[in-house]
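Visitor: The structure follows.
The values are calculated or read from the model by the stated rules, or taken from the named source; none is laboratory data. Being a predicted model, the structure only gives us computed values, none of them experimental. Positions of Cβ are backbone-derived with ideal geometry, glycine not excepted, and every protein chain shown enters the neighbour counts. To get the accessible areas, we keep the full protein, side chains included, count just its heavy atoms, and leave off ligands, DNA and RNA. Shrake-Rupley method; radii C 1.70, N 1.55, O 1.52, S 1.80 Å.
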Amino acid sequence: MSAALIELDDIHKVYGGIDSPEVQVLRGISLSIQPGEFVAIVGASGSGKSTLMNILGCLDRPSSGRYRFAGRDVAELDSDELAWLRREAFGFVFQGYHLIPSGSAQENVEMPAIYAGTPADQRHARAAALLERLGLASRTGNRPHQLSGGQQQRVSIARALMNGGHIILADEPTGALDSHSGAEVMTLLDELASQGHVIILITHDREVAARARRIIEIRDGEIVSDSASAEPPAAPGVQADELRRRLDRGASLRGAWKGELIESLQAAWRVMWINRFRTALTLLGIVIGVASVVVMLAVGEGSKRQVMAQMAAFGSNILYISAKHATSREAAGQITLDDVAAIGGLPQVHRIMPVIGGELMVRHGNNNQTFYVGGNNTEFPQILNWPVVQGSLFTEADEQRGAAVAVIGQKVRDKLLAPGSDPLGQYLLIENVPFQVVGVLAAKGASSGNQDSDERIVVPYSAAATRLFGSRDPEYVIMTAADSSRVSETEAAIDQLMRKRRQGKRDFDLTNDAALIQAEARTQNSLSLMLGAIAAISLLVGGIGVMNIMLMTVRERTREIGIRMATGARQRDILRQFLTEAVMLSMVGGVTGIALALGIGGALLLADIAVAFALPAILGAFACAVITGVVFGFMPARKAARLDPVKALTSV
Ligand code: ADP
Ligand code: MG
């Protein structure tokens, strides 16, 4: 004789105790069920039938007593093994159907197979076949609220059979149905029993119970009669040792993560879509956070590239030195031509040019206007990267003689000279001193500031010093470093030399373009920092939003969680489900944020603000959103996974 499938020995169940009065619901139930049996458990309402069924189906644990399933003590099974039993051995049919409201009939039926790791095509085919067999072929796409009670109950029977359903536990399956639908469901159970399924039918209706081959009556948590017959069941079906072997082997197998992941994603998407308005509001934080991260980085990168382009255009190896007050009480110092010669002798300095200049009245014929006139030396075109395009620069000899020759900017030519005339050889009166034009500078356009660089006249330093400004000392000095990657070392060498020349006094100002640009970049950095803080706060708020909506979801869907557990979901399946939802939520927020950022970037581009989107920045922001989802979704998901199956199922 084969082993009993189910053996209960002196099972007690006590509710309450700590903060509420103790209720003895089951008082010493002992029974055994063989493969192939069709058992009805009858009793009045409140006699403990549902409690007994929850214990039989491993949704609940007894307070005391021993439950052996196929010879194994259920108390010793871990949560994965219990989930296996619910998934592979049992199939539940409840009075309230307990379908997942957001899923179609087909999806509800497939759910236990997903947790069992059945491949998708097999799953679809089997669910469709079961629904067809139960007369629901045309209703596979309907959601529960689009089905009648009888149809919903048939869907739940199909679900119970999905993984085999060797033992069908039906708790008042006809209780909520009209008599016709109820009769249909009973016929179905009859059929299943004759095919070898163990049916445990719970009912308070004696007529319904009469369909079973064995009737157990309970009253106040005790068995008062049991019509157990000695004759073996007609079709024994699956044997206890077979189930036991599969339990020992199967519970440790992991489900197919891919099928579960796809199902989780689909379910997550569905739930999100159903609650799309609420979801959109909650996601604003993440959207704003991600958008500000992306825009901030794009603007930062854009201005950085602009600065780099500027540095490339004007040269970044230029240094300047000018005089300043050493202390507020002392007179300003003076850079002299001797200083210029000394600095020019440093090996780190490549070119050096003293500058003396100012706005002066310039006349040609009847035209006169003020222009910036600068005394420079022959290094001018190289140091400033500013070539002479017509004629030539003055020579070293002109410089030594103090020759009154001038090289003019293009605007000077256009404003003073007759259109179309050759500027070379013509004379300009600068402060009434005649200077002969020997060259024309390339057009440079407006640089920073409002002064037009093409409104400029370049004359030899010596001529400017003696004939125009009456001072031999330069206003400031421009130098280029020999090695553009060592500008700061060059600066240090010049600084050291100058201080030595004036006995440690620092009455000069030494700076360079790179430093100026860096200072500009620093103010931009502090701007970025502020934007970064806004982004971080938005992400935090977004994360709290995700947590909030997930907690709400878990509460709203507690019964769904119970259903999933009853159909065999492991704790980690539930955890994964809700974590997937949280991550998907924040991923949608992230994608929306990136789209928003691209839109803002386009608008900024139209407003002539430099933006440069970098893929790593976009991916980084997206990753931030996903991490937010994981971090803030974890707590609600774990809360869901740790729910007690029975409490979850009976929650309202
Ligand atoms: P039946 O299904 O036979 O109608 P139940 O098994 O649902 O009865 O309940 C049996 C008794 O246990 C009832 O008196 C009910 O009030 C009590 N009971 C059920 N669940 C709980 C619970 N979670 N806490 C306290 N009492 C409970
Ligand atoms: Mg009940």
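Visitor: Using the alpha-carbon centroid of each, what span in Å lies between the stretch 144-218 and the stretch 565-598?
Guide: Comparing the Cα centres of the stretch 144-218 and the stretch 565-598, I get a distance of 36 Å.
Visitor: Further question: Roughly speaking, what is the stretch gain from Gln496 to Lys258, that is 0.36 nm per residue apart minus the C-alpha to C-alpha distance, in nm to one decimal?
Guide: Working it through step by step, the gained length comes to 78.7 nm.
Visitor: Explain nothing, just compute: Karplus ³J(HN,Hα) = 6.51 cos²θ - 1.76 cosθ + 1.60, θ = phi - 60°, for every residue of the stretch 572-579 in order, whole Hz, x for Gly and Pro.
Guide: Along the stretch 572-579, the couplings run 6, 5, 5, 4, 5, 4, 6, 5 Hz.
Visitor: Rounded to the nearest 10 degrees, what's the angle between the helix 179-194 long axis and the longest principal axis of the chain, both from Cα atoms, 0 to 90?
Guide: Helix 179-194 sits roughly 80 degrees off the main axis of the chain.
Visitor: Could you check the spin-label model distance between Val541 and Glu22? Points 7 Å from the Cα along Cα→Cβ, value in nm.
Guide: With each label point 7 Å from Cα toward Cβ, the separation is 5.4 nm.
Visitor: Something else about it: For helix 276-314, report the angle its Cα long axis makes with the longest principal axis of the Cα atoms of the chain; keep it between 0 and 90° and round to the nearest 10°.
Guide: That works out to roughly 20 degrees.
Visitor: Still on this structure, please answer the following. If I fit a long axis through the Cα atoms of helix 615-641 and take the longest principal axis of the Cα atoms of the chain, what angle between them do I get, 0 to 90°, rounded to 10?
Guide: Value to nearest ten degrees: 30.
Visitor: So which trypsin sites (Lys or Arg not before Pro) in the stretch 1-108 pass both tests, a DSSP loop state and at most 12 other Cβ atoms within 10 Å of the Cβ?
Guide: Sparse-neighbourhood loop trypsin sites (Lys or Arg not before Pro): none present.
Visitor: What net charge is computed for the residues neighbouring Ala403, neighbours being all others with C-beta under 15 Å from the C-beta of Ala403, Lys and Arg scored +1, Asp and Glu -1?
Guide: Details: positive: Arg401, Arg467; negative: Glu396, Asp398, Glu399.
Counting the neighbours of Ala403, the net charge comes to -1.
Visitor: Structure shown: which of Lys324/Lys411; Lys304/Lys505; Lys13/Lys647; Lys324/Lys500; Lys304/Lys415 lie over 26 Å apart, alpha-carbon to alpha-carbon?
Guide: Lys324/Lys411; Lys304/Lys505; Lys304/Lys415
Visitor: Ala228 to Val630: extension gain in nm, 0.36 nm per residue of separation minus the Cα-Cα distance? Could the numbers behind the result be given before it?
Guide: On the way: separation 402, 0.36 × 402 = 144.72 nm, distance 5.37 nm.
Result: 139.3 nm gained on full extension.
Visitor: In deg cm²/dmol, rounded to 500, what helix-only [θ] at 222 nm does the chain give when every DSSP H run of at least 4 residues adds -39500 (n - 2.57) and the total is split over its residues?
Guide: Helix contribution divided over all residues of the chain: -15000 deg cm²/dmol.
Visitor: I would also like to ask the following. Run the simple label-point estimate for Arg329 and Asn368 please: 7 Å along Cα→C-beta, distance reported in nm.
Guide: 4.6
Visitor: A follow-up question, please. Under 5 Å between amide H atoms, partner at least 5 residues away or on a different chain: which partners does Arg219 have, H built in plane at 1.01 Å?
Guide: Counting only residues 5 or more places away or on other chains, the set is Val224.
Visitor: Follow-up question, since we're still on this one. Out of the GluC sites (Glu not before Pro) in the stretch 309-406, which ones are loop residues according to DSSP with at most 11 other C-beta atoms within 10 Å?
Guide: Taking the stretch 309-406 and a limit of 11 other Cβ atoms within 10 Å, the loop GluC sites (Glu not before Pro) found are Glu330.
Visitor: Here's something else I'd like to know. Distance in nm between label sites at Asp190 and Leu606, each 7 Å beyond Cα in the beta-carbon direction?
Guide: Label-label distance for Asp190 and Leu606, simple model: 7.4 nm.
Visitor: Give a residue-ordered list of calculated ³J(HN,Hα) values for the stretch 422-428 (Karplus: 6.51 cos²θ - 1.76 cosθ + 1.60, θ = phi - 60°; whole Hz; x for Gly, Pro).
Guide: 6, x, 5, x, 6, 10, 10
Visitor: Could the peptides 147-156, 360-369 be put in order, highest first, of the mean number of other beta-carbon atoms found within 10 Å of their residues?
Guide: 147-156, 360-369
Visitor: In whole percent, and with a 1.4 Å probe on the protein chains, what portion of the accessible area of the chain is carbon and sulfur?
Guide: Carbon and sulfur: 55 percent of the exposed surface of the chain.
Visitor: Now for a separate question. How big is the gap, in Å, between the Cα center of the stretch 320-349 and the Cα center of the stretch 606-652?
Guide: Each part reduced to its Cα centre gives a spacing of 60 Å.
Visitor: Can you tell me the order of 110-119, 627-636, 606-615, 455-464 when each peptide is scored by its average per-residue count of other Cβ atoms within 10 angstrom, highest first?
Guide: The most tightly packed comes first, giving 455-464, 110-119, 627-636, 606-615.
Visitor: If you take every DSSP beta bridge fully contained in the chain, what fraction is antiparallel? Give it as a percent rounded to 5.
Guide: Approximately 70 percent, going by the DSSP bridge assignments.
Visitor: Sorting check: for 638-644, 593-599, which peptide has the highest mean count of neighbouring beta carbons within 10 Å, and how do the rest follow?
Guide: 593-599, 638-644
Visitor: Please compute the length gained on full extension between Ala519 and Asn385, using 0.36 nm multiplied by the number of residues separating them and subtracting their Cα-Cα distance.
Guide: Contour length minus the Cα-Cα distance gives 45.9 nm.
Visitor: Using a Förster distance of 45 angstrom, determine the FRET efficiency expected from the C-beta separation of Leu281 and Ala129, and round it to 0.05.
Guide: Efficiency computed from Cβ-Cβ geometry: 0.60.
Visitor: Considering amide H positions built from the backbone, and no H for Pro or chain starts, which residues 5 or more places from His350, or on another chain, come under 5 Å of its amide H?
Guide: Thr480, Ala481, Ala482
Visitor: For the stretch 6-255, what does the accessible surface come to per residue with a 1.4 Å probe? Please give it in Å².
Guide: Heavy-atom SASA per residue in the stretch 6-255 reads 42 Å².
Visitor: Counting only C-alpha contacts under 8 Å and six or more residues apart, can you give the relative contact order of the chain as a whole percent?
Guide: On the way: 1270 pairs, mean separation 114.3, N = 652.
Relative contact order for the chain comes out at 18 percent.
Visitor: Right, next: DSSP loop (so not H, G, I, E, B), at most 13 other Cβ within 10 Å: list which trypsin sites (Lys or Arg not before Pro) in the stretch 475-552 pass both filters. Write down the numbers at each step before the final one.
Guide: Numbers: sites: Arg486, Arg499, Lys500, Arg501, Arg502, Lys505, Arg506, Arg522; in loops: Arg502, Lys505, Arg506.
Within the stretch 475-552, the qualifying trypsin sites (Lys or Arg not before Pro) (loop, at most 13 other Cβ atoms within 10 Å) are Lys505.
Visitor: Round to the nearest 0.05 the FRET efficiency obtained for Asp473 and Gln503 when R0 = 25 Å and r is the Cβ-Cβ distance.
Guide: The value I calculate is 0.85.
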